[in-house]
1. Label ALA13 and ARG50 with points 7 Å out from Cα along Cα→Cβ: what is the distance between them in nm?
2. Could the peptides 41-51, 3-13 be put in order, highest first, of the mean number of other beta-carbon atoms found within 10 Å of their residues?
3. Under 24 Å from the Cα of LYS28, which lysines turn up, not counting those fewer than eight places away in the same chain?
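Bear in mind that the values in this text are calculations on the coordinates, not laboratory data. Everything numeric here is computed off the predicted structure, so don't read it as measured data. Note that we place each Cβ from the backbone using ideal geometry, even for glycine, and neighbour counts take in every protein chain shown.
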Amino acid sequence: MFGGISFRKAPKAPSADADKVKTKAKKKGYITGAHGSGAAKKKAKIRERRANKSKR
């Protein structure tokens with residue numbers, strides 16, 4: 001009690017990278033449908049049409 005109250009440093013907050021989920025979904029092969037998924041291929045075609053729409 002003679003020493004008074006001892007305070008500890010606050011624990012470090014987790015970095016923003018620690019909260020991120022690692023996923024293949026954002027990799028180019030998955031976005032373009034190269035892995036064979038029909039849904040991804042369809043989405044890629046929709047994205048392609050949308051991108052080309054502004055080029056007209």
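1. Modelled inter-label distance: 3.2 nm.
2. Numbers: 41-51: 11.7, 3-13: 5.6.
Highest-to-lowest ranking by the protection proxy: 41-51, 3-13.
3. LYS20, LYS41, LYS42, LYS43, LYS45, LYS53, LYS55
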